[in-house]
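Note sheet for the following structure.
The values are calculated or read from the model by the stated rules, or taken from the named source; none is laboratory data. Keep in mind that what you see is a predicted model, and the values were worked out from it rather than measured. Glycine also receives a Cβ, built like all others from the backbone with ideal geometry; neighbour counts cover every protein chain displayed.
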Amino acid sequence: MEQIEADHSHASVLLDETISLLEPKDGGLFIDATLGLGGHAEVILMKRDTKVIGIDQDDEAIERAARRLQKFGDQIRIVKSNFSEIKEVVGKIESREPDGILADLGVSSLQFDSESRGFSFRFDAPLDMRMDANSADETAAELLADRSEEEIANIIYMYGEERRSRKIARWIVERREKGEPIETTRQLADLVQRAIGSRGKDKIHPATRTFQALRIAVNRELEIIDDFLKDSVDILKIGGVLAVITFHSLEDRIVKQGFQRLAGKCLCPPRIPKCVCGATKRVEPLTKKPIVPSDNEIRRNPRARSAKLRAVKKLI
């Protein structure tokens with residue numbers, strides 16, 4: 001299958017591989033839990049009478065996906081919500097069980113390329129980072145203004161895997177105490193670069209891990225994945241497929257272990273006499289190892305290089 005999107009900056013990652021796993025058939029019902037710009041949904045909707053429920057919390061993405069998919073009429077239903085609420089969203093709209101569910105957990109290129117949302121230090125913008133820019137949730141700037149030095153350090157270490165998190169947190173708090181809070185992307189990127197510098201072997205900007213950590217914390221990205229996996233399997237029809245694309249090791253580890261528990265593999269420490277991790281065999285893995293982008297895809301779309309796709313089929 002050929003990729004249908006010519007603009008690589010907004011290309012759907014692992015599109016062919018994901019569609020191959022979902023195997024959409026005429027008349028099927030599919031849930032795109034992270035609709036984005038609608039690339040995956042568009043291919044699914046090309047099947048006759050197929051229906052897609054698209055979920056997203058970004059108003060701009062919803063507007064653009066709606067324009068893109070309007071040619072499919074009532075085959076597509078778009079709901080503004082977080083993918084963690086998939087059970088409630090689908091339950092209100094459909095009585096039948098979905099044939100397949102897809103989640104692309106990466107931040108969309110639309111968000112990274114925004115000059116005003118604060119996801120990227122390529123642009124000087126307010127330090128926001130909320131997926132839903134119109135929500136009342138805490139922004140990244142508010143997080144840095146309110147949390148203690150220890151809390152900030154822990155966030156940057158746990159979610160960014162940044163070994164120099166304590167120094168970065170100390171510099172942030174010292175600046176805050178001088179009456180100069182970090183409020184823009186440029187301020188944060190410059191502070192991190194001055195605090196920890198650049199090591200010769202690093203291929204990424206020194207602030208990359210800190211930005212990732214704050215985005216994850218602001219949007220509670222890792223906290224909701226495990227429940228999403230279980231809820232998705234709950235609502236799938238028997239034989240239905242759940243496919244998940246991740247973009248960094250923390251996400252992938254949660255998805256891998258979540259799928260292992262759902263496949264009946266106990267992940268408890270060996271010395272514990274009784275399983276307490278909740279492992280129950282409800283799915284069959286369809287990917288022994290994660291599927292990664294081809295060299296061709298990475299050349300066309302460098303942002304795809306860290307993507308990993310895992311999928312399972314529901315048994316009971």
*GLU63 vs. criteria over 25 Å from VAL312 (Cβ atoms) and surrounded by fewer than 18 Cβ atoms within 10 Å (Cβ to Cβ)*: yes
*With the condition kept exactly as written, say whether any residue in segment 44-51 is out of contact with any strand residue (DSSP E or B) (no Cβ under 6 Å at 6 or more places or on another chain) and among the aliphatic types (A, V, I, L, M).*
yes
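Give me the residue from segment 298-316 that is part of a strand (DSSP E or B) and among the charged types (D, E, K, R) and, out of that set, farthest from PRO285 (Cα to Cα).
LYS308
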*Filter segment 129-162 for residues that are in contact (Cβ under 8 Å) with a residue 40 or more places away in the chain and among the acidic types (Asp, Glu) and give the result.*
ASP132, ASP137, GLU138, GLU161, GLU162
*Selection from segment 261-278 of residues that are under 13 Å from VAL233 (Cβ atoms) and surrounded by 15 or more Cβ atoms within 10 Å (Cβ to Cβ)*: ARG261, LEU262, ALA263
*Extreme residue, surrounded by the most Cβ atoms within 10 Å (Cβ to Cβ), among residues of segment 21-40 that are within 19 Å of the chain's Cα centre (by Cα) and free of Cβ contacts under 8 Å to residues at least 60 places away in the same chain*: LEU35
_Given (1) touching a residue at least 12 places away in the same chain (Cβ under 8 Å); (2) within 20 Å of the chain's Cα centre (by Cα), number of the condition LYS265 does not satisfy_ = (2)
*Are any of the residues in segment 87-96 β-branched (Val, Ile, Thr), assigned by TED's automatic domain parsing to the domain that holds LYS308, more than 22 Å from the chain's Cα centre (by Cα) and surrounded by fewer than 17 Cβ atoms within 10 Å (Cβ to Cβ)?*
yes
*Going through segment 172-207 one residue at a time, which ones are β-branched (Val, Ile, Thr) and free of Cβ contacts under 8 Å to residues at least 12 places away in the same chain?*
ILE204
*asked:* If a residue must be of a type in the set (Asp, Glu) and in contact with a Gly (Cβ under 8 Å, 6 or more places away or on another chain), how many such residues does segment 104-140 contain?
replied: 2
*Kindly indicate which of SER108, SER120, SER148 is under 29 Å from SER12 (Cβ atoms) and surrounded by fewer than 21 Cβ atoms within 10 Å (Cβ to Cβ).*
SER120
_Yes/no for SER116 being in contact with a Pro (Cβ under 9 Å, 6 or more places away or on another chain) and hydroxyl-bearing (Ser, Thr, Tyr)_ = yes
*asked:* When you check SER120 against the structure, is it of a type in the set (S, T, N, Q), in the same structural domain as ASP58 (by TED's automatic domain parsing) and in contact (Cβ under 8 Å) with a residue 24 or more places away in the chain, yes or no?
replied: no
*asked:* Among the residues of segment 293-316, what is the count of those that are surrounded by 14 or more Cβ atoms within 10 Å (Cβ to Cβ) and either free of Cβ contacts under 8 Å to residues at least 24 places away in the same chain or touching a strand residue (DSSP E or B) at 6+ places or on another chain (Cβ under 6 Å) (or both)?
replied: 11
*asked:* Being within 30 Å of ALA304 (Cβ to Cβ) and modelled with pLDDT under 95 narrows it down to one residue among MET131, MET158; which is it?
replied: MET131
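Kindly indicate which of MET158, MET129 is crowded, with 19+ Cβ neighbours inside 10 Å and assigned by TED's automatic domain parsing to the domain that holds LEU191.
On the way: MET158 fails: crowded, with 19+ Cβ neighbours inside 10 Å.
Step by step, each of MET158, MET129 is checked, and only MET129 is crowded, with 19+ Cβ neighbours inside 10 Å and assigned by TED's automatic domain parsing to the domain that holds LEU191.
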*Do we find a residue being part of a helix (DSSP H, G or I) and assigned by TED's automatic domain parsing to the domain that holds ASP99 anywhere in segment 264-284?*
no
